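Asker: Handing you a structure now.
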Amino acid sequence: MALVIAQPEKKPKVMVPPVAPAKSLTPAEVSAIAQQLIANVEKVIVGKHDQVVLAVAVLMAEGHLLIEDVPGVAKTMLARALALSAGASFKRIQCTPDLQPEDVLGEARMDSTTGRAEFHFGPLFSQFVLVDEINRASPRTQSALLEAMGESSVTAGNVTYRLQKPFMVIATQNPIEQEGTFLLPEAQKDRFLIRMSLGYPLLADEKQMMERFQLQHPIETLQPVTTPDSITKCQLAVRGIKVADEVNDAILKLVRATRDHPALLLGASPRGSLGLFRAAQAMTAIEGNDAVSLEQIKALAQKVLAHRLIGRKEEKYRNVNITEVVNEILAAK
């Protein structure tokens with residue numbers, strides 16, 4: 001009698017549909033979110049529309065912002081208002097000469113109950129970080145920010161921690177008072193996408209500010225108008241904004257001209273080229289357009305490049321202004 005071996009029952013194959021990639025936001029959608037942010041921040045920051053737009057552009061370009069101005073012109077309020085409007089976490093680091101790197105990054109501490117060392121995260125582990133009076137921190141402490149600003153990560157010992165997105169550093173410094181300060185090294189300045197100042201308000205704006213602030217500060221009632229997830233989607237969409245070859249060439253010629261100018265000891269680095277590229281994409285998206293124009297490059301060049309340049313110290317160049325050099329290069333293009 002033949003032995004019959006039962007065959008295992010074949011299970012039907014489960015067909016898993018491919019996961020569709022997340023739909024990218026259009027420039028119009030990015031613009032709508034950006035305009036909400038701008039309008040919300042302007043409930044706190046009066047009469048500084050261009051500067052608020054620049055700050056939002058830095059955020060959309062995944063960059064960091066350096067605000068150089070005298071005290072009392074709302075540098076801190078701009079940072080807080082932007083973080084609150086984005087619904088993101090916010091921490092402030094007040095820089096002093098005795099501030100240590102571990103005060104910024106955090107440090108490992110021994111847990112008395114378990115006997116294990118646990119890393120306690122510092123204020124840098126936040127989505128928006130205000131580094132107030134950055135030039136009052138020592139070079140050692142300033143350098144603690146470099147990895148976070150360049151790679152969105154922090155290394156402590158043998159462990160590297162990724163920072164939560166979006167991540168933006170907004171640093172301030174007073175250009176007038178220089179006692180007890182440390183000049184930012186070039187490697188630090190180069191990591192700021194844009195440097196700007198706010199300046200004193202116009203008379204009418206200052207009057208409106210006094211009336212608006214009479215009962216309470218508007219920052220106390222400011223509500224989020226978007227989410228960190230939406231901001232991250234905007235940043236991804238910004239990367240998709242078209243940049244034509246001729247616009248790319250214009251950026252490269254402009255940056256290369258800073259390296260060859262006789263009045264400049266140090267021109268802009270490739271990070272400057274990429275910074276101008278990315279800032280122009282962000283500003284284009286904020287305006288609701290889908291392609292960067294040459295005019296956009298010229299409009300942003302001063303804000304993106306000037307703080308990366310160093311003038312020569314020779315007598316004939318001593319009175320040369322960096323801003324004038326950039327304007328001269330732009331006029332020649």
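Asker: Run Ala144 past the list (1) surrounded by fewer than 16 Cβ atoms within 10 Å (Cβ to Cβ); (2) modelled with pLDDT under 90 and report the number of the one that doesn't hold.
Answerer: So the condition that Ala144 fails would be (1).
Yes/no matrix, rows are residues, columns are (1) touching a strand residue (DSSP E or B) at 6+ places or on another chain (Cβ under 9 Å); (2) open to solvent by less than 40 Å² (accessible area, probe 1.4 Å); (3) of a type in the set (Gly, Ala, Ser):
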position	(1), (2), (3)
Leu294	no, no, no
Ala306	yes, yes, yes
Lys313	yes, no, no
Lys316	no, no, no
Glu324	no, no, no
Asn327	no, no, no
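Asker: From Gln35, Gln51, grab the single residue that is open to solvent by 30 Å² or more (accessible area, probe 1.4 Å), in a helix (DSSP H, G or I) and out of contact with any strand residue (DSSP E or B) (no Cβ under 9 Å at 6 or more places or on another chain).
Answerer: Being open to solvent by 30 Å² or more (accessible area, probe 1.4 Å), in a helix (DSSP H, G or I) and out of contact with any strand residue (DSSP E or B) (no Cβ under 9 Å at 6 or more places or on another chain) holds for just one of Gln35, Gln51, which is Gln35.
Asker: Still on this structure, please answer the following. Checking the condition farther than 29 Å from Lys23 by Cα and surrounded by 23 or more Cβ atoms within 10 Å (Cβ to Cβ), which residue from Gly272, Gly267 passes?
Answerer: Values: Gly267 fails: surrounded by 23 or more Cβ atoms within 10 Å (Cβ to Cβ).
The conditions single out Gly272.
Asker: Any idea how many residues of region 210-228 are surrounded by 14 or more Cβ atoms within 10 Å (Cβ to Cβ) and either outside any helix (DSSP H, G or I) or out of contact with any Lys or Arg (no Cβ under 9 Å at 6 or more places or on another chain) (or both)?
Answerer: Residues in region 210-228 being surrounded by 14 or more Cβ atoms within 10 Å (Cβ to Cβ) and either outside any helix (DSSP H, G or I) or out of contact with any Lys or Arg (no Cβ under 9 Å at 6 or more places or on another chain) (or both): 4 in total.
Asker: Which of the residues spanning region 232-249 are touching a strand residue (DSSP E or B) at 6+ places or on another chain (Cβ under 8 Å) and exposed (fewer than 14 other Cβ atoms within 10 Å of the Cβ)?
Answerer: Correct list: Lys242, Ala244.
Asker: Further question: Could you please give the count of residues in region 151-174 that are outside any strand (DSSP E or B) and either within 23 Å of Ala237 (Cβ to Cβ) or open to solvent by 50 Å² or more (accessible area, probe 1.4 Å) (or both)? Steps first, please.
Answerer: Keep residues of region 151-174 that are outside any strand (DSSP E or B), which gives 151-152, 157-158, 163-167, 174.
Narrowing further to those that are either within 23 Å of Ala237 (Cβ to Cβ) or open to solvent by 50 Å² or more (accessible area, probe 1.4 Å) (or both): 151-152, 157-158, 163-167.
Qualifying residue count, region 151-174: 9.
Asker: Report the residue count in region 120-134 for those that are open to solvent by less than 30 Å² (accessible area, probe 1.4 Å) and either of a type in the set (Val, Ile, Thr) or modelled with pLDDT under 90 (or both).
Answerer: Result for region 120-134: 3.
Asker: Could you figure out which of (1) in a helix (DSSP H, G or I); (2) aliphatic (A, V, I, L, M); (3) free of Cβ contacts under 8 Å to residues at least 60 places away in the same chain isn't true of Met77?
Answerer: Going through the list (1) in a helix (DSSP H, G or I); (2) aliphatic (A, V, I, L, M); (3) free of Cβ contacts under 8 Å to residues at least 60 places away in the same chain, Met77 breaks only (3).
Asker: Another question, if that's okay. Looking only at region 291-313, decide whether some residue is charged (D, E, K, R), touching a Leu at 6+ places or on another chain (Cβ under 6 Å) and not in a helix (DSSP H, G or I). Give the steps one after another, and end with the answer.
Answerer: Pass one, region 291-313, residues charged (D, E, K, R): 295, 298, 303, 308, 312-313.
Pick out the ones that are also touching a Leu at 6+ places or on another chain (Cβ under 6 Å) and you get 298, 312.
Filter once more, so that each one left must be not in a helix (DSSP H, G or I): 312.
Yes, the conditions are met somewhere in region 291-313.
Asker: Being surrounded by 13 or more Cβ atoms within 10 Å (Cβ to Cβ) and in a strand (DSSP E or B) is the filter here; which residues of region 96-119 pass it?
Answerer: Hits for region 96-119 are Gly106, Glu107, Ala108, Phe119.
Asker: Here's a follow-up. Report, ordered by the first and then the second residue, all pairs with beta carbons closer than 6 Å, sequence separation of six or more or different chains, a first member in region 43-58 that is under 15 Å from Tyr200 (Cβ atoms), and a second member that is not in a loop (DSSP other than H, G, I, E, B).
Answerer: Every condition considered, the pairs that remain are Ile45/Val52; Ile45/Leu78; Val46/Asp205; Val46/Gln208; Val46/Met209; Gly47/Asp205; Gln51/Met196.
Asker: Still on this structure: For region 275-292, give me each residue that is closer than 14 Å to Ile194 by Cβ and open to solvent by 10 Å² or more (accessible area, probe 1.4 Å).
Answerer: Matches in region 275-292: Phe277, Arg278, Met283.
Asker: Would you say Ala204 is over 20 Å from Arg92 (Cβ atoms) and not in a loop (DSSP other than H, G, I, E, B)?
Answerer: Here the answer is yes, as Ala204 does meet what is asked.
Asker: Further question: Looking at (1) of a type in the set (A, V, I, L, M, F, W, C); (2) touching a Pro at 6+ places or on another chain (Cβ under 7 Å); (3) closer than 28 Å to Val70 by Cα; (4) in a helix (DSSP H, G or I), can you tell me which one Ile231 breaks?
Answerer: (3)
Asker: Counting only residues that are closer than 17 Å to Phe192 by Cα and either assigned to a loop (DSSP other than H, G, I, E, B) or small (Gly, Ala, Ser) (or both), which one in region 120-136 is nearest to the chain's Cα centre (by Cα)?
Answerer: For region 120-136, the residue satisfying everything is Gln127.
The values are calculated or read from the model by the stated rules, or taken from the named source; none is laboratory data. Bear in mind that the values here come from a model prediction, so they are computed numbers and not experimental data. FYI the Cβ positions are ideal-geometry reconstructions off the backbone, even for glycines, and counts take in every protein chain you see. Please note that ligands, DNA and RNA were not included when accessible areas were found on the heavy atoms of the full protein model with its side chains. Shrake-Rupley method; radii C 1.70, N 1.55, O 1.52, S 1.80 Å.
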